[in-house]
Each structure stands twice: as C-alpha cells, then as structure tokens.
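Here is the structure we will look at, set down as structure tokens.
The values are calculated or read from the model by the stated rules, or taken from the named source; none is laboratory data. Because the structure is a prediction, the values reported are computed rather than measured. FYI the Cβ positions are ideal-geometry reconstructions off the backbone, even for glycines, and counts take in every protein chain you see. Surface accessibility is based on the protein's heavy atoms, side chains included, excluding ligands, DNA and RNA. Shrake-Rupley method; radii C 1.70, N 1.55, O 1.52, S 1.80 Å.
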Amino acid sequence: MGDQEPDVNNHIYEEHYLASDDDNGIEDFDFPDNDTLYNDGFQTGESSNPNLEDANNDEDENHFVDEDIEVNIDYSEGQPHVTHEDIECNIDFSEGQPHVTHDYVSPGGTLYWTPIVLDDIKPKVSSKFNSYGEAETMYRKYALESGFDVRLGRVQKTKNGIITNRHLVCNREGNLNTSKLDTLDIQHKKTQRRKDLFRRNCKAKVVLEIILGTLRYVVSDFVERHNHELFSKGNMHLSRSKTKLDYSQEIFIHNLSKQDIGPVKAHRLYSALQVGPSVRGGLVTDFKNARRNLNCYIGGRDVKFLVDKMNDRKKNVPSFTFEYKVSNKRLNSLFWADETAKYNYNSFGDVVSLDATFSMNKYDMVFVPFTGIDNHKKCVTFGAGLLSKEDGVSYEWLLRAFSKAFRKQPQLVLSDQDPSLKKAIDKVFPLAHHRLCMWHITKKLPNKILSIEDATTNQKFRKRFHSIIWNSKLEPHEFENVWRQMLEEFKITDNTWMNTMYGLRKSWIPTFFKHIPMSSLMRTTSLFESQNWSFQTTTLTDSYLVVFMMTFESVMERQRHNQILNDFNTATTFPKFITRTPYEPHASNVYTRKIFYQVQKEISRSKDNCFQKNVISSNSVHTIIVMEKTKNITIRQTNDVSVDDKDEEYNYDCLIRDTECTVTHSTKDGSFKCTCMHFEHVGILCRHILCVFKFYGIGQIPEKYILKRWHRDVIPTELLKRRFNNSFDDSNSDMTAIDIFSTVDRCVSFLSHDAAKLKLYLEEQNKLKKKFVDDCPNHDLPTRADHFKKLLGVVGPDVESDVNDIQIFVTKAAIVVGTY
C-alpha cells in the first residue's frame with residue numbers, strides 16, 4: 001500500500017483479491033438481518049448457525065496481488081476514478097466518502113477487506129484477559145475502530161452458567177435463508193415483505209476460551225479478513241453497536257407506551273431530548289423492535305403473568321384484593337382493589353359510578369372501573385374489573401367481588417341503561433339507590449331531536465331541556481308540568497325517545513331523588529366519564545393484559561399524586577376572604593380549597609342577600625322565616641350551547657320558586673334544618689341557616705354540619721404515595737437508580753460549560769463502568785429476559801406458580817384456558 005502512514009481514523013483497510021474458477025463474475029449476496037425473537041431460552045444473540053465452519057481456512061492457492069499495477073483513486077467528486085501508474089499507489093479517503101477500492105479486478109473471484117488499525121487495538125492470539133467482559137470489550141472496541149459490528153456466536157457454558165468458549169463473530173456472518181415459499185398454496189396467507197439482504201457468510205471472528213481453574217480468558221483464534229465492505233467513519237453511528245438500545249431506552253419506550261405513545265412518536269421524543277437522532281443510538285426500527293420483542297416475550301403467557309403477579313401481590317401486600325373467575329376453560333372475570341382504594345371508598349363511597357363501555361385490551365374484555373368523588377371534587381377510583389361478557393351473570397359476580405372487598409353498600413349507584421347491570425345492582429346492592437347516569441342520557445340528545453332542524457330553535461330547546469332536568473329545586477309535579485309544556489312548545493310530543501325518557505324520569509331526574517343524601521354528586525357524572533376516558537386514552541390498542549394492568553397502575557399513581565398535590569395546595573396557600581364574618585377563617589381551616597369556595601359563596605350571600613322576617617317559637621322548636629333578596633333566577637352554564645358536540649351541564653344558584661325559606665331550630669339537640677335541603681344535597685350549609693347563626697350568636701360552623709368527606713387530609717399522604725409493588729420488587733433499588741440518574745444529570749449540567757472538566761468526568765465514569773460492568777463475571781450479568789421481567793413486574797415463565805397449567809388461545813370473544 002505504499003510508504004504512507006495509514007490513517008486509522010478513517011478505517012483504512014487492506015484489500016486482497018482471491019481468484020476462483022467462476023468466470024461469471026462476482027455475485028454480491030446480501031443476507032437479511034436476523035432480528036432474534038426471544039423465546040423461553042433467551043440465549044441473547046446466539047448464532048443462527050450452530051455448526052460454525054472453521055474460519056481458519058487456508059487462502060486459495062490462486063490468491064495473488066499484482067505488484068506491477070499501482071492504483072491512484074481520487075474520491076474528490078463523482079464516482080471513483082481508477083488510474084494505472086508505474087511508481088506508487090495513493091488513496092485519498094476524503095471524509096464521508098466510501099473507502100472501498102479494488103487492488104485488482106478480473107472476472108470471478110472473491111474480494112477481502114483487512115482493517116488497518118493500531119497494533120495495540122488488534123486482537124492477538126494467546127492474549128489473556130482478566131474476565132470475559134474485558135475480552136469482549138476489547139473485540140468490540142477493535143470492531144468499532146475497524147468499521148464492523150459484532151454478534152455473539154457459538155457458546156459453551158458450564159452448569160453454573162460460566163462461559164468456557166465463545167465465538168464473537170462479524171454480524172454479517174451466516175448464510176442466506178434459502179427456505180422456499182409456495183405462493184400458490186391456498187393455505188399461504190402471510191404477506192411477504194420486500195427486505196434488503198444482509199448476511200454475507202463473513203468468516204471474521206475471535207474465539208475466547210476460559211483458562212482452566214480461573215475466570216480468565218485467552219484468545220485462541222482470530223480471523224481478521226472480511227468479505228464485505230466496512231463502515232466509513234461518518235456512518236458508524238448507524239452501526240448495530242451504536243443503534244442498539246440499552247435498558248434505560250427500553251424503559252423510556254415502555255413508560256411512554258403506558259401513556260398511549262407508540263414507538264414512532266417515542267423515537268421523535270427521544271431524539272428531541274438527545275438534541276438529534278444521531279447523537280445516541282436507536283433508530284425508529286429499533287424502537288419498534290423493542291416493543292415487538294416485549295410482546296413476543298409475553299406471548300401466550302399473558303394470563304399466567306397477570307394472575308401470578310396479582311396473586312403474589314395479594315399474598316404479600318396488606319389489604320390487597322384480587323379475584324378471578326375461570327369457567328368452562330375461559331377466563332371470564334377479574335376484580336382487584338388495593339388498600340388505598342379501600343380507604344378512599346370508606347371516605348367517599350356514598351356515590352359510586354359504574355361504566356362498562358370501554359374495551360381496551362387484546363381480548364376485547366370490557367373494563368369496568370368503580371369511580372367516586374373525593375374531598376376535592378375530583379375523581380377517585382375504588383376498584384376495577386375486566387369482563388369477557390356483559391351479561392347479568394358476569395355483572396353479578398363483579399358486584400359480589402366488590403361487596404366482599406369493601407363490606408358495605410354505597411348509598412347511590414350510577415350506571416348506564418344496561419338492563420343486565422341494573423338487575424345485578426338491584427340484586428347485590430338492595431339497600432342502594434340505582435340511578436341512570438345523566439351524562440350518557442344527555443350525550444344522546446343531539447341525535448334524538450333531529451326533527452328540530454332549525455339551528456336556533458334547536459339551541460333554544462337544548463337550553464330549555466337542560467334547565468329543566470338539572471333543576472333539583474323543582475317539585476315532581478312542577479317538573480312534569482314544565483316537561484309537558486316544553487314538548488308542546490317545540491312540537492315534539494310524539495318523539496319516541498323523549499317519551500321513553502319521561503317514563504324513566506324517576507331513575508334519572510334529580511328532583512325525584514333529592515331526599516337521598518349527597519344526591520347532588522349526580523351533577524358530576526361528566527367527571528366520571530372524563531376519568532374513564534383517561535383510561536382509554538392512555539392504553540395502547542390491543543395491549544396485553546399484563547401491559548394494560550401496568551397502564552392502569554400508572555393512571556392510579558397519577559390520580560393519587562393529584563390528590564397529594566391538592567392536599568398540599570390547600571395546606572400551603574391561603575384564600576382571599578370577601579366578608580368579615582368569623583365563618584370564613586374557620587371554614588378555610590376545615591374544608592379543602594374547592595369546597596371552601598362553595599362555602600364562601602353561601603357565607604357571602606347570607607351576609608348580603610338574606611335577612612330574618614319572622615321567628616315563631618313552639619315548645620322547644622323555633623321556626624325562622626328567612627327572606628332572600630334575588631333579582632331573578634340565573635342559570636350558569638359551564639359549556640357553550642352553540643357547540644353541538646359538547647355536553648352541557650348547568651349549575652344553579654339556589655333556584656327556588658319563592659324567595660322565602662323556613663329554618664327550624666330545635667333547642668333540645670341544637671339542630672338546624674332548612675326547607676331548601678341544601679345541606680342534604682350538597683353536604684354544606686346553605687345561606688339561610690348561616691343567616692340564622694348570626695341571630696343565635698354562633699361564631700363558627702358546628703362540627704355536626706361539617707361532613708368528614710369534605711375535610712382536609714382525609715387520606716394519609718403516606719397511603720397515597722404507596723406504589724403498586726410485588727414481593728420481588730425492590731423499591732429501594734429503583735429509587736437509588738433515580739438518584740443516580742439525577743446526580744449524573746446535575747453533574748453534566750454543571751460541567752457543560754467546561755469541556756476539559758467534562759472530559760475528566762467522562763473518564764471517571766468509564767472507570768466505574770469498567771469496574772462494575774466490564775469486569776463483571778458473565779454469569780452475573782442480567783439477561784434480556786431479566787430486563788423484560790423487570791419491565792413487566794412479573795416473576796417470569798420459569799418460576800413455579802399456582803397457574804403453571806394455564807395457556808391462552810387468543811379469540812375476540814374471550815380468553816380460552818387450556819393446559820400445556
């Protein structure tokens with residue numbers, strides 16, 4: 001190659017031409033990249049050819065180099081131009097240009113590439129290393145400098161998992177898959193993809209053998225030549241070694257998948273965080289393959305993974321409930337609830353909503369969450385279930401599992417119009433009042449009044465409709481009158497749906513069950529739907545059950561974090577008072593901030609608009625007539641009625657037909673009661689009773705009128721912070737890993753302005769990597785299966801469990817259970 005010093009940085013390599021008897025020229029075979037699908041064994045990166053040929057074949061006797069022909073190749077522009085000179089060979093490898101040249105070209109034969117690198121980087125036969133990791137790192141470093149990728153080849157291990165012999169081969173080692181496919185076969189349904197070939201049967205490799213009696217390794221064989229072109233320096237970031245995902249990237253992909261973010265968008269986000277796609281490894285295809293590999297690992301063990309995981313949690317986590325039902329070899333039903341959910345139910349379980357409208361998993365099992373309203377008027381989940389069928393038997397089993405876990409019935413149950421669910425609720429919860437969810441009903445309204453074609457008239461009707469159904473101050477006979485008037489005014493008296501809903505009025509109109517405590521929470525049914533929607537929008541389509549469960553847990557952790565945040569904001573901030581009454585300071589120290597603002601509104605109106613008209617005493621009961629100065633009855637709408645695809649919900653400001661209310665006070669027990677029944681509906685005192693308090697000199701709201709469900713800090717923070725862990729989870733290890741990431745990030749941010757110190761910091765990190773990773777015994781290194789088990793939080797397929805005989809066959813109707 002002349003007397004020039006080789007430019008190692010540009011992966012310059014020698015080329016040798018090997019002639020053959022093939023007179024038809026050279027045929028380039030590119031073999032497909034074999035992306036390993038990980039199965040039970042998970043021998044990561046095993047060579048697809050167990051019977052490796054000896055790569056130490058002697059060179060062909062016809063091999064020659066024509067020393068009389070000197071080559072000068074200029075890559076400055078266009079295609080390579082070959083010239084013949086008599087004196088020297090000068091090769092200009094310009095940056096970014098390919099550096100593949102032929103010393104000699106003739107019909108037929110094989111061309112070899114030999115990397116030229118520094119001598120201390122090149123492997124040497126009989127070289128010894130203190131550990132397998134050190135030896136492998138050496139060869140991978142050599143490959144990086146040379147311009148090729150390494151794949152793990154044939155391996156021999158002891159019973160203890162110690163490697164005794166390992167072939168590290170070029171990743172283009174191996175033969176083309178020559179299996180043929182009969183496309184005329186009617187049984188053939190698989191769509192064939194066009195894919196570039198990759199494998200070239202390259203023989204380059206290094207063989208490592210253990211030194212008997214030690215954990216040291218020696219290089220027993222080294223084949224240097226390649227039969228394919230090598231990477232250029234500028235393209236090394238696209239090599240397999242650079243694009244291979246590490247565990248932190250797999251965690252990133254998996255965590256985003258729990259937020260309904262697929263691998264393509266995850267790659268864009270990761271590239272943005274890394275300031276470009278070429279800074280750190282991982283192509284879009286690698287991100288897709290990461291998700292594919294995880295799904296392949298789950299495979300037919302989905303139910304086993306889930307049931308084992310939940311049973312382990314049931315045995316080792318306090319107060320965790322998990323029930324499942326298998327009938328006729330089909331997994332029909334699941335129900336689960338943890339200690340925090342039970343604590344929430346004991347505090348806020350007076351009203352429960354059930355919604356079985358979403359199918360969010362691979363098997364079309366229906367997700368049924370049990371949802372309530374907490375002390376901040378935010379959604380809180382009490383438990384959840386999965387059903388393969390929406391029939392009465394399945395619903396009854398689910399409700400009985402719920403009743404067994406919580407041991408008390410709710411006061412009010414909200415659901416859709418499913419007759420099977422209504423029948424199950426009446427049977428399992430005989431003491432509860434069942435009401436239809438108004439959100440589901442009002443959602444159907446636009447499609448049920450198509451006869452009102454005029455947009456303005458339609459808008460007026462919808463406004464009138466909502467003003468009637470949400471007015472809990474109307475008496476039943478008043479509601480019936482205004483409903484009839486509405487139908488006549490808009491000429492829809494013969495509308496079938498309107499007449500059907502009128503027949504069901506006692507099941508969904510608030511005025512017919514205002515005697516039920518906390519019935520005003522029916523107005524928050526849209527919140528229930530928003531919570532259910534959050535489950536659907538954070539779950540990837542056709543997800544496995546074990547992945548769906550992790551998504552559910554992620555939503556729960558976010559929900560409970562918001563509870564902590566609301567408690568924190570209530571405790572650390574102060575509201576602005578608008579009156580000088582003593583009730584406001586007291587209420588601000590007792591109620592959550594959301595509830596305080598409602599109480600503050602009643603206090604303000606009590607001071608400005610209410611006064612006592614008359615007091616009548618009879619025996620031990622005082623009757624006080626309270627007048628309220630109201631200019632008109634106002635309807636406050638939360639959404640714009642002009643938008644057809646919005647569902648309106650109205651709030652009313654003490655809508656009473658008369659401005660006069662009667663408050664009775666018993667001197668025996670000191671109780672107060674108002675005819676507006678605001679306290680019974682909402683759980684906070686009305687302005688009329690607060691007005692009477694001034695007459696009796698009561699300086700703060702009595703404890704009996706402060707419901708516990710509206711208090712601050714109802715749920716302990718430590719309980720809300722508990723994560724969904726199993727007995728084999730190491731939360732301390734997870735937190736330590738988070739602290740390490742945070743520490744490294746802070747150091748890099750602090751040193752980013754000083755390149756010299758940043759380089760020293762990198763050197764120190766590499767020393768730690770060598771100590772804890774590179775020099776780690778091979779049998780102590782985690783396998784890919786270990787990574788998958790940690791990602792999914794499962795014990796793995798090789799662990800004995802109660803459901804080892806379960807296997808699933810995917811159908812769209814259910815999960816069929818069989819035996820191995």
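Residue by residue through segment 328-365, note down the ones that are open to solvent by less than 10 Å² (accessible area, probe 1.4 Å), assigned to a strand (DSSP E or B) and farther than 28 Å from LYS721 by Cβ.
Across segment 328-365, the qualifying residues are LEU331, SER333.
From (1) crowded, with 16+ Cβ neighbours inside 10 Å; (2) closer than 30 Å to PHE788 by Cβ, pick out the condition that doesn't hold for ASP567.
Answer for ASP567: the failing condition is (2).
Sort through ASN344, ASN332 and tell me the only one that's polar (S, T, N, Q) and closer than 19 Å to TRP710 by Cα. Before the answer, list the steps.
Details: ASN332 fails: closer than 19 Å to TRP710 by Cα.
Answer to the selection: ASN344.
Mind listing whichever residues of segment 638-669 are open to solvent by 30 Å² or more (accessible area, probe 1.4 Å), over 22 Å from LEU474 (Cα atoms) and modelled with pLDDT of 85 or more?
Selection gives THR667, LYS668, ASP669.
What number of residues in segment 445-492 are open to solvent by 60 Å² or more (accessible area, probe 1.4 Å), over 22 Å from SER507 (Cβ atoms) and not in a helix (DSSP H, G or I)?
5
What are the residues in segment 382-399 that are in contact (Cβ under 8 Å) with a residue 60 or more places away in the chain and either touching an Asp or Glu at 6+ places or on another chain (Cβ under 7 Å) or under 26 Å from LEU720 (Cβ atoms) (or both), if any? Walk me through how you get there before you give the answer.
Restricting attention to segment 382-399, the residues satisfying the condition of being in contact (Cβ under 8 Å) with a residue 60 or more places away in the chain are 383-384, 386, 388-389, 394, 397-398.
GLY383, ALA384, LEU386, LEU398 - these are the residues of segment 382-399 that are in contact (Cβ under 8 Å) with a residue 60 or more places away in the chain and either touching an Asp or Glu at 6+ places or on another chain (Cβ under 7 Å) or under 26 Å from LEU720 (Cβ atoms) (or both).
Check whether at least one residue in segment 288-301 is open to solvent by less than 50 Å² (accessible area, probe 1.4 Å), without any contact (Cβ under 8 Å) to a residue 60 or more places away in the chain, touching a Gly at 6+ places or on another chain (Cβ under 9 Å) and not charged (D, E, K, R), and report yes or no.
Yes: one or more hits.
Given the conditions (1) over 29 Å from VAL351 (Cβ atoms); (2) open to solvent by 30 Å² or more (accessible area, probe 1.4 Å); (3) at pLDDT 90 or above, which single one is not true for SER618?
(3)
Can you spot a residue in segment 717-731 that is closer than 30 Å to THR573 by Cα and among the hydrophobic types (A, V, I, L, M, F, W, C)?
Within segment 717-731, the first condition is being closer than 30 Å to THR573 by Cα, and the residues that meet it are 717-723.
Within this subset, residues satisfying the condition of being among the hydrophobic types (A, V, I, L, M, F, W, C) are 719-720.
Yes.
When the residues of segment 423-444 are narrowed to those that are within 28 Å of THR493 (Cα to Cα) and assigned to a helix (DSSP H, G or I), which ends up most open to solvent (accessible area, probe 1.4 Å)?
If we take residues in segment 423-444 being within 28 Å of THR493 (Cα to Cα) and assigned to a helix (DSSP H, G or I), then LYS443 is most open to solvent (accessible area, probe 1.4 Å).
Checking SER232 against (1) touching a strand residue (DSSP E or B) at 6+ places or on another chain (Cβ under 9 Å); (2) among the hydroxyl-bearing types (Ser, Thr, Tyr); (3) open to solvent by less than 50 Å² (accessible area, probe 1.4 Å), only one condition comes out false. Which one?
Answer for SER232: the failing condition is (1).
Residue by residue, here is whether (1) within 31 Å of the chain's Cα centre (by Cα); (2) at pLDDT 90 or above; (3) not β-branched (Val, Ile, Thr) holds:
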site	(1), (2), (3)
VAL692	no, yes, no
SER727	yes, no, yes
ALA737	yes, no, yes
VAL744	yes, no, no
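I'm told ALA356 meets every condition in (1) closer than 20 Å to LEU421 by Cα; (2) touching a helix residue (DSSP H, G or I) at 6+ places or on another chain (Cβ under 6 Å) except one. Can you identify the failing condition by its number?
Unmet for ALA356, out of (1) closer than 20 Å to LEU421 by Cα; (2) touching a helix residue (DSSP H, G or I) at 6+ places or on another chain (Cβ under 6 Å): (2).
Which condition does THR214 not pass, out of (1) in a loop (DSSP other than H, G, I, E, B); (2) within 30 Å of GLU553 (Cβ to Cβ); (3) of a type in the set (Ser, Thr, Tyr), if it passes all the others?
Checking THR214 against (1) in a loop (DSSP other than H, G, I, E, B); (2) within 30 Å of GLU553 (Cβ to Cβ); (3) of a type in the set (Ser, Thr, Tyr), the one that fails is (2).
Under 8 Å between Cβ atoms, which residue pairs at least 6 apart in sequence (or on different chains) link something in segment 225-238 that is touching a residue at least 24 places away in the same chain (Cβ under 8 Å) and within 23 Å of VAL206 (Cβ to Cβ) with a partner that is in a helix (DSSP H, G or I) and open to solvent by 70 Å² or more (accessible area, probe 1.4 Å)?
Taking only residues 6 or more apart or on different chains, the pairs are PHE231/LEU238; LYS233/ASN9; MET236/LYS242.
Of all residues in segment 668-700, how many are under 26 Å from ASP374 (Cα atoms), in contact with a strand residue (DSSP E or B) (Cβ under 9 Å, 6 or more places away or on another chain) and assigned to a loop (DSSP other than H, G, I, E, B)?
Selection size over segment 668-700: 4.
List every residue pair whose Cβ atoms lie under 9 Å apart, where the two residues are 6 or more positions apart in sequence or sit on different chains, the first residue falls within segment 302-319 and is farther than 18 Å from LEU791 by Cβ, and the second residue, located anywhere, is open to solvent by 10 Å² or more (accessible area, probe 1.4 Å) and of a type in the set (Lys, Arg).
That search, which allows pairs on different chains as well, returns VAL317/ARG722; SER319/LYS342.
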